[in-house]
Amino acid sequence: MERGEILRWLQEMDESRLEELWKKADEQRKASVGDEVHQRGLIEISNYCIRQCRYCGISACSSGITRYRMTRDEILEAVHEAVRLGYGSVVMQSGEDPGLTVAFIAGIIRTIKEETDLAVTLSLGEREDDELRAWKDAGADRYLLRFETSDPELYERIHPALPGKVSDRFAQLERMRDMGYEIGTGVMVGIPGQSWITLAADIDTFRYYDMDMIGVGPFLPSPRTLLGGPEAADFYLSPQDQVPNDELTTLKTVALTRLVCPEANIPSTTALATVDPQSGRELGLMRGANVVMPNVTPTKYRVLYEIYPGKACMHETALVCSSCMERRIRSIGRVPGKGPGGRRRKI
Ligand code: 5AD
Ligand code: FES
């Protein structure tokens, strides 16, 4: 599918034509990755962050939030909860927190690998190559780093670099692939300043890099951030150019992503479940997604990991999310996945 066609589908509003897109995406999902829905236990290990991303509620600019960093024992307890719930992998996610040292993370990865069969995914932001390599050597399998937008100017505006450093997420993703990681990325849909052309380019970029995992969710303004306040007005494009941060556009993005990256692992995201608590998860899974990331963070911490307000599953326990997720998966005729659920490749 050419970029022009991606663009046309993104802007398509005719329901009967969209049925065609949903059908094509679901058929492609079934043919390339099957009916299993892989479950990744998400552990939000720290909400400390040194970055100033204009969209994110836990950035260094957000004052008045209680910061936490889970202990080794707390993290390992959450890991074992993921095993008990039958998940095939865990994702350790955090703000960009230098307090999470190389040795601390490497030690935890080693213990997980000794004590369980889980695949280990890291999502710890932009880190140095020696750190990334040490974690790979310790046994990490995958790394998630969304590039957020393929428009370099918009990226710079919403994601200021640290003083004296360049922020090149594509370069980090490529280096991580060379180190042997499966690499995951993604964007937000409807970020102020995102045009239809930019979003079509984002989807084309997933294909260009042959990303192993691709997460997309709607942008949800946080009042703690610049993009959730009056200054966001300077970012928004004219109504016909600006991508809306709605469920329909997110579902089109998921479907098109499946069509251009048939074998990728694509989650039905928490942000999608937040804009449509009733059926967002299911619709994502029916229109291209094959992964969910149920939260296993202890409830006392997950309320503090507020990257946007009203996040789905904020007050539920890991056990509640697990049975909720299984019910949703089965309600659409799919089955919970077995094993780590790595990237499939056509032979
Ligand atoms: N709305 C939606 N998604 C967000 N993220 C960060 N802030 C927001 C927000 N306000 C996404 C980013 C990040 C991922 C962990 O969460 O894409 O990479
Ligand atoms: Fe958490 Fe449904 S998945 S409450």
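Within the stretch 181-195, identify whether any single residue is modelled with pLDDT under 95, open to solvent by 10 Å² or more (accessible area, probe 1.4 Å) and not aliphatic (A, V, I, L, M), and answer yes or no. No.
Residues are listed down the side, and each one gets a yes or a no for (1) surrounded by fewer than 24 Cβ atoms within 10 Å (Cβ to Cβ); (2) away from ligand 2 (no atom under 16 Å from the Cβ):
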position: Tyr236; (1), (2): yes, yes
position: Pro244; (1), (2): yes, yes
position: Lys252; (1), (2): no, yes
position: Val260; (1), (2): yes, yes
position: Ala264; (1), (2): no, yes
position: Thr269; (1), (2): no, no
position: Val275; (1), (2): yes, no
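Can you tell me which residue among Gly339, Gly333 is open to solvent by 10 Å² or more (accessible area, probe 1.4 Å), away from ligand 1 (no atom under 16 Å from the Cβ), in contact with a Gly (Cβ under 6 Å, 6 or more places away or on another chain) and of a type outside the set (Ser, Thr, Tyr)? Checking each option against the conditions leaves just Gly339. Scanning the stretch 41-78 for residues that are of a type in the set (D, E, K, R), more than 13 Å from ligand 1 (Cβ to nearest atom) and either closer than 25 Å to Met325 by Cα or not in a helix (DSSP H, G or I) (or both) yields a count of 4. Residue count for the stretch 277-300, restricted to those that are more than 15 Å from ligand 2 (Cβ to nearest atom) and open to solvent by 10 Å² or more (accessible area, probe 1.4 Å): 3.
Looking at Gly180, Gly229, Gly184, just one residue is under 23 Å from Tyr308 (Cβ atoms) and touching a residue at least 24 places away in the same chain (Cβ under 8 Å), and that residue is Gly184.
Annotation note: Cβ proximity below 7 Å between a residue of the stretch 200-217 that is closer than 14 Å to Glu263 by Cα and a residue that is within 16 Å of ligand 1 (Cβ to nearest atom) and assigned to a loop (DSSP other than H, G, I, E, B) (sequence gap 6+ or interchain) occurs for Ile214/Ile266; Gly215/Arg146; Gly215/Thr269.
Here is the figure for the stretch 89-117: residues that are open to solvent by less than 10 Å² (accessible area, probe 1.4 Å) and assigned to a loop (DSSP other than H, G, I, E, B) total 3. When we screen Arg169, Arg177, Arg127, Arg157 for residues that are among the charged types (D, E, K, R), under 23 Å from Ala60 (Cα atoms), surrounded by fewer than 19 Cβ atoms within 10 Å (Cβ to Cβ) and within 18 Å of the chain's Cα centre (by Cα), the only hit is Arg169. Consider the stretch 44-87 and keep the residues that are within 18 Å of the chain's Cα centre (by Cα) and within 16 Å of ligand 2 (Cβ to nearest atom). The one that is farthest from Gly217 (Cα to Cα) is Tyr87.
Under the condition of being surrounded by 19 or more Cβ atoms within 10 Å (Cβ to Cβ) and at pLDDT 95 or above, the residues counted in the stretch 25-67 number 23. Taking the criterion of being touching a helix residue (DSSP H, G or I) at 6+ places or on another chain (Cβ under 6 Å), surrounded by 18 or more Cβ atoms within 10 Å (Cβ to Cβ) and either of a type in the set (S, T, N, Q) or modelled with pLDDT under 95 (or both), would at least one residue in the stretch 215-224 satisfy it? Yes, some residue in the stretch 215-224 is touching a helix residue (DSSP H, G or I) at 6+ places or on another chain (Cβ under 6 Å), surrounded by 18 or more Cβ atoms within 10 Å (Cβ to Cβ) and either of a type in the set (S, T, N, Q) or modelled with pLDDT under 95 (or both).
A count restricted to the stretch 202-254 and to residues that are within 17 Å of the chain's Cα centre (by Cα), within 15 Å of ligand 1 (Cβ to nearest atom) and of a type in the set (Phe, Trp, Tyr) stands at 2.
The values are calculated or read from the model by the stated rules, or taken from the named source; none is laboratory data. Keep in mind that this is a model prediction, so the values were computed, not measured. Glycine gets a Cβ as well: all are built from the backbone with ideal geometry, and neighbour counts include every protein chain shown. Note: accessible area is taken over every heavy atom of the protein model, side chains too, but ligands, DNA and RNA are not part of it. Shrake-Rupley method; radii C 1.70, N 1.55, O 1.52, S 1.80 Å.
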